[in-house]
Amino acid sequence: MPGIGVNGPALGDSRIVDEYKAAAANVPAPPSGDLTTPVLFAQNFDKGTTGYMFIKNPPPAGVPYTNIRGEPSLVTIEDLRGKEDSVNLDHDSIQVLRGLVDMPRSPEVIWDSEKSIETQFYPAVESAVKKAIPGAHTVHIFRHGIRHSKSWPVPYNPPAMIAHLDQTGPAAVNRVLRHMGPVEGPRLLQGRYRIVHFWTPLNGPVYTFPVAFASSATVKDDDIQTFVSHLGGYREDFGAPRYADGQRWFYLSGISQDEALLAQIFDSKALVKNSGVRGGRAVHSAFRDPRTPAGAPDRWSIEVSCLVFSDE
């Protein structure tokens with residue numbers, strides 16, 4: 001992950017948190033409660049045409065980085081604050097973690113340093129995910145991404161403002177084989193395997209561009225289009241949901257640094273009839289909350305992608 005350059009504070013020092021505290025002192029508490037607001041969804045493609053995007057990988061000459069266009073739909077998003085335990089991974093592919101007071105943060109973790117994140121933060125994430133998922137015997141982190149809502153620094157990505165699902169089922173299988181190897185990978189595929197994202201803010205309770213998730217029990221397979229991402233040397237399928245009546249969307253207002261959201265991107269048990277797992281994939285998107293006060297602190301967050309294995 002590249003550094004953020006000379007124009008902004010490094011994530012390894014206290015200025016990100018200090019900047020947050022200064023802004024938060026001058027505004028009300030983060031917005032809370034249910035709301036109805038536009039969320040972007042990818043347009044429908046005609047049969048024979050596939051949506052695509054190039055990520056950290058330049059396209060061939062004359063080819064646009066993406067042919068995906070977002071179209072807004074008005075979505076009612078329910079606040080999980082006060083009812084955090086009403087969702088879970090098996091039914092909704094969403095779970096709220098609380099009380100993460102021992103999770104390492106700045107200055108212990110230098111967020112501009114791959115090595116620091118991998119050695120200081122990854123073990124704590126692995127432990128939290130194992131604790132949250134009964135029967136998980138192996139958690140392997142294969143990537144992380146830091147996002148910010150400022151106009152700088154350029155090297156970090158802004159919040160993802162279109163509904164998506166990072167990997168489909170075939171892409172999940174390929175991730176297992178890619179990261180766990182030709183011997184261990186096939187063995188692990190005989191049990192239950194999942195991709196789970198661990199999402200948490202870095203600087204304080206979220207004011208700007210919170211993340212919404214749709215309960216997987218309410219998203220039909222037909223609601224999800226399969227698109228292709230080109231990722232610097234390889235490609236994989238990802239999901240682009242359509243909005244449909246009956247979908248239930250959630251967010252956690254003012255999510256803080258001692259909390260995290262687990263979003264299940266794929267669960268192999270969802271493919272087993274009568275398993276009790278409903279869908280096994282949480283489509284999600286950041287959204288603009290119209291109630292966010294002017295001058296509110298910017299969002300800095302990290303998303304950690306985990307392969308999770310159990311024997312069941």
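The values are calculated or read from the model by the stated rules, or taken from the named source; none is laboratory data. Worth saying up front: this structure is predicted, and the values here are computed from it rather than measured. Glycine also receives a Cβ, built like all others from the backbone with ideal geometry; neighbour counts cover every protein chain displayed.
Points worth noting:
- All conditions in (1) in a loop (DSSP other than H, G, I, E, B); (2) of a type in the set (A, V, I, L, M); (3) farther than 30 Å from Arg98 by Cβ hold for Leu177, with the sole exception of (1).
- Looking only at the range 180-219, and only at residues there that are basic (Lys, Arg) and part of a strand (DSSP E or B), the one that is nearest to Glu78 (Cα to Cα): Arg194
- Subset of the range 195-221 that is in contact with a Phe, Trp or Tyr (Cβ under 6 Å, 6 or more places away or on another chain) and among the small types (Gly, Ala, Ser) - its residue that is nearest to Arg242 (Cα to Cα): Ala214
- Qualifying residue in the range 272-293 (condition: assigned to a strand (DSSP E or B), within 15 Å of the chain's Cα centre (by Cα) and among the aromatic types (Phe, Trp, Tyr)): no
- Yes/no for Ala270 being of a type outside the set (Asp, Glu), closer than 23 Å to Ile162 by Cβ, at pLDDT 95 or above and out of contact with any Leu (no Cβ under 7 Å at 6 or more places or on another chain): no
- Within the range 17-61, the set of residues being farther than 30 Å from Ser106 by Cβ and of a type in the set (Asp, Glu) comprises Asp34, Asp46.
- Figure legend. Inter-residue proximity from the range 220-232: first residues part of a helix (DSSP H, G or I), second residues among the polar types (S, T, N, Q), beta-carbon distance below 8 Å, spacing 6+ or different chains. Indicated pairs: Asp223/Gln247.
- Elements of type strands (runs of 3 or more DSSP E) in the range 42-161, at least 2 residues being surrounded by 12 or more Cβ atoms within 10 Å (Cβ to Cβ) and within 16 Å of the chain's Cα centre (by Cα): 94-97, 136-148
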